[in-house]
Amino acid sequence: MEWKNIYRGIIMGASDVIPGVSGGTIAVLLGIYDRLIAAINGFISKDWKKQLGFLVPLGIGIVTAVLLLSRLLEWLFEHYPAPTQFLFLGLILGVLPYLFQKADAKNKFKPNHLVLLIIGAIVVGSMLFLNAGESAVIENKTMSTYVLLFFSGFIASSAMVLPGISGSFMLLIIGVYQTILTGINNFQLDVIAVTGVGIVIGIVVMSKVVNFFLNNYYTGTFAIIIGMVIGSIFVVFPGWPANNTLILLSVATFALGLAIAYLLGRVEYKS
């Protein structure tokens with residue numbers, strides 16, 4: 001068992017709760033993105049037992065973070081949205097040097113790879129213009145509600161697999177984010193189970209697509225991934241806060257994010 005995957009899972013799970021921040025981006029930051037995609041694909045093959053040592057600790061960390069940190073992150077996002085988002089902004093910017101290094105961009109990137117990078121950035125950056133307003137919690141659940149929750153989980157988890165695209169942000173756009181977050185916080189098993197099945201199926205399907213491209217077009221795929229991470233900067237950036245105290249706090253959390261990314265990069269990419 002790769003037990004240090006528990007802390008990686010906690011970071012990924014925490015990020016998945018926050019709209020605008022992608023669990024896929026955090027997996028890239030931690031240096032485990034291509035390994036994660038390969039493990040998910042290996043898990044649905046005859047060699048599934050070999051992947052348990054990687055996936056089980058990671059899954060424990062993700063579930064723990066979602067269950068234990070969802071209230072804290074909900075509170076931080078409600079009361080200190082800008083400093084919280086600046087922390088993740090620092091993390092995202094801090095990982096870019098390691099990403100270029102992992103892709104060996106200096107030696108392998110050609111003009112077509114730069115075009116793919118720009119396309120990836122535009123696709124994710126354009127989400128800034130999507131309407132993701134607040135939605136009410138769905139109290140009276142019908143069969144159509146559960147169908148909506150299933151497909152919401154499927155779409156959100158497909159997004160989670162792609163760096164730069166936030167699953168929580170997709171749930172906001174669909175209008176079920178508050179319903180699912182409330183369901184998790186109040187242990188509503190029907191909401192958790194239906195959404196969970198959609199999430200699992202979405203992760204399996206999208207990871208197969210990504211795995212194909214990583215195996216056959218590694219440099220091009222990484223060019224798009226880097227572009228998506230760059231595009232997510234525009235989505236996560238909340239604008240400057242209104243008062244000096246929050247500005248100073250946001251600068252401090254941004255610096256903290258950069259420092260964490262630097263330290264994680266040294267540990268994860270150099271080991």
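Scanning the range 1-15 for residues that are open to solvent by less than 20 Å² (accessible area, probe 1.4 Å) and either closer than 14 Å to Val161 by Cα or outside any helix (DSSP H, G or I) (or both) gives Gly9, Met12, Gly13, Ser15.
Phe212 meets the conditions (1) more than 17 Å from the chain's Cα centre (by Cα); (2) at pLDDT 90 or above; (3) open to solvent by 30 Å² or more (accessible area, probe 1.4 Å); (4) over 29 Å from Tyr98 (Cβ atoms) in every case but one. The failed one is (4).
Please work out which residue is most open to solvent (accessible area, probe 1.4 Å), limiting yourself to the range 149-176 and to residues that are more than 27 Å from Leu117 (Cα to Cα) and out of contact with any Ser or Thr (no Cβ under 6 Å at 6 or more places or on another chain). Filtering the range 149-176 for residues that are more than 27 Å from Leu117 (Cα to Cα) and out of contact with any Ser or Thr (no Cβ under 6 Å at 6 or more places or on another chain), the one most open to solvent (accessible area, probe 1.4 Å) comes out as Phe151.
Annotation: of all residues in the range 28-58 being under 30 Å from Leu76 (Cα atoms) and at pLDDT 85 or above, the one that is nearest to the chain's Cα centre (by Cα) is Tyr33.
Table: residues versus (1) over 27 Å from Ile37 (Cβ atoms); (2) over 18 Å from the mean Cα position of the chain (by Cα); (3) not small (Gly, Ala, Ser).
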{"position": "Leu69", "(1), (2), (3)": "no, no, yes"}
{"position": "Pro81", "(1), (2), (3)": "yes, no, yes"}
{"position": "Gly90", "(1), (2), (3)": "no, no, no"}
{"position": "Gly94", "(1), (2), (3)": "no, no, no"}
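When the test is whether a residue is β-branched (Val, Ile, Thr) and either part of a loop (DSSP other than H, G, I, E, B) or closer than 30 Å to Met127 by Cα (or both), Val28 passes it.
Results for (1) at pLDDT below 80; (2) among the aromatic types (Phe, Trp, Tyr); (3) closer than 21 Å to Ile230 by Cβ, shown as yes or no for each residue.
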| position | (1), (2), (3) |
| --- | --- |
| His113 | no, no, yes |
| Leu128 | yes, no, yes |
| Gly133 | yes, no, no |
| Pro163 | yes, no, yes |
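Every test in (1) of a type in the set (Phe, Trp, Tyr); (2) out of contact with any helix residue (DSSP H, G or I) (no Cβ under 6 Å at 6 or more places or on another chain); (3) in contact (Cβ under 8 Å) with a residue 60 or more places away in the chain is passed by Trp48 save one, and that test is (3). Tell me which of these Met206 doesn't satisfy, since it passes every other one: (1) of a type outside the set (S, T, N, Q); (2) open to solvent by less than 40 Å² (accessible area, probe 1.4 Å); (3) more than 19 Å from Ile122 (Cα to Cα). Single failed check for Met206: (2). Taking the range 101-124 as the range and being closer than 21 Å to Gly265 by Cβ and exposed (fewer than 15 other Cβ atoms within 10 Å of the Cβ) as the test, the residues that pass are Gln101, Asp104, Lys106, Asn107, Lys108. All told, Glu78 falls short of being open to solvent by 50 Å² or more (accessible area, probe 1.4 Å), farther than 25 Å from Val204 by Cα and in contact with a Leu (Cβ under 7 Å, 6 or more places away or on another chain).
With respect to the stated conditions, Gly53 fails to be touching an Asp or Glu at 6+ places or on another chain (Cβ under 9 Å), assigned to a loop (DSSP other than H, G, I, E, B) and either closer than 24 Å to Val267 by Cα or touching a residue at least 12 places away in the same chain (Cβ under 8 Å) (or both). The lone criterion from (1) open to solvent by less than 40 Å² (accessible area, probe 1.4 Å); (2) farther than 14 Å from Val17 by Cβ; (3) out of contact with any Ser or Thr (no Cβ under 6 Å at 6 or more places or on another chain); (4) of a type in the set (A, V, I, L, M) left unmet by Leu181 is number (2). Looking only at residues in the range 42-66 that are within 28 Å of Tyr177 (Cα to Cα) and not β-branched (Val, Ile, Thr), the one that is surrounded by the most Cβ atoms within 10 Å (Cβ to Cβ) is Leu58.
The values are calculated or read from the model by the stated rules, or taken from the named source; none is laboratory data. Treat the numbers as computed from the prediction; the structure is a model and nothing was measured. In this analysis, Cβ positions are derived from the backbone assuming ideal geometry, glycine residues included, and neighbour counts consider all displayed protein chains. All accessible areas refer to the heavy atoms of the entire protein, side chains included, with ligands and DNA or RNA removed. Shrake-Rupley method; radii C 1.70, N 1.55, O 1.52, S 1.80 Å.
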